[in-house]
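Reviewing the structure listed below.
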Amino acid sequence: MEAALLHQIRPINPADDAEIELVATRMRDTLIEVEGEAIGTSLHDLDWLRARVRWHLDPAQSTATVLLAEDARGKIIGHTIVRVETDAHAIRSGLFATTYVVRESRNPPCSESSFRLRKFVFLRSKK
């Protein structure tokens, strides 16, 4: 396989403000892609999005994991936030709260890696 197609998935560094900023910015990018510029930028400001990333990183508040995807050069090309939620009937289920991959990296190898990651995390959360 070509080196350019290799990706690494790793947890975010909760002490790295730049990584938190990047995820928050890309959460906004997701909103803009889904809702359009006007609505996507008006739903949440960046302070709220940064706080939301940090909420997901706090085990006292959330069961989440924030994962980053890096290309072969170590550039962060995407993220996903996953968590386990328990409903009113005490049934636990996995939730992909948000996923974002930069446009130039949206290709079959990255998508396949993302699918395998989602399956792994979901199956792990069911234990």
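Of the residues in the stretch 14-37, how many are open to solvent by 80 Å² or more (accessible area, probe 1.4 Å), assigned to a helix (DSSP H, G or I) and over 21 Å from Leu95 (Cβ atoms)? Qualifying residue count, the stretch 14-37: 2. Check Leu57 against each of (1) under 28 Å from Asn107 (Cα atoms); (2) at pLDDT 90 or above; (3) within 13 Å of the chain's Cα centre (by Cα) and name the one condition it does not meet. In the conditions (1) under 28 Å from Asn107 (Cα atoms); (2) at pLDDT 90 or above; (3) within 13 Å of the chain's Cα centre (by Cα), Leu57 misses (1) alone.
Take the conditions modelled with pLDDT of 90 or more, open to solvent by less than 60 Å² (accessible area, probe 1.4 Å) and touching a His at 6+ places or on another chain (Cβ under 7 Å) and apply them to Ser62. Does it pass? I'd like the intermediate steps shown before the answer.
Details: modelled with pLDDT of 90 or more: yes; open to solvent by less than 60 Å² (accessible area, probe 1.4 Å): yes; touching a His at 6+ places or on another chain (Cβ under 7 Å): yes.
In short, yes.
If the condition is being at pLDDT below 95 and more than 13 Å from Leu68 (Cβ to Cβ), then the stretch 5-24 contributes Leu5, Leu6.
Residues in the stretch 46-59 that are open to solvent by 20 Å² or more (accessible area, probe 1.4 Å) and more than 12 Å from Ile12 (Cβ to Cβ): Leu46, Asp47, Trp48, Arg50, Ala51, Arg52, Trp55, Asp58, Pro59.
For the stretch 69-103, the candidate set comprises residues that are charged (D, E, K, R) and more than 14 Å from Glu19 (Cα to Cα); within that set, the residue that is most open to solvent (accessible area, probe 1.4 Å) is Arg73. Selection of first residues in the stretch 47-75 that are aromatic (Phe, Trp, Tyr) and of second residues that are at pLDDT below 95, restricted to Cβ pairs under 6 Å at least 6 apart or on distinct chains, gives the following pairs, ordered by first then second residue: Trp55/Gln61; Trp55/Ser62.
Being in contact with a Leu (Cβ under 8 Å, 6 or more places away or on another chain) and part of a helix (DSSP H, G or I) holds for only one residue in Thr41, Thr80, and it is Thr41.
The values are calculated or read from the model by the stated rules, or taken from the named source; none is laboratory data. Keep in mind the model is a prediction, meaning the values are calculated, not measured. Ideal geometry is used to build each Cβ from the backbone, glycine not excepted, and the neighbour counts take in all protein chains shown. Each accessible area value is taken on the protein alone, full model and side chains, heavy atoms only, with ligands, DNA and RNA left out. Shrake-Rupley method; radii C 1.70, N 1.55, O 1.52, S 1.80 Å.
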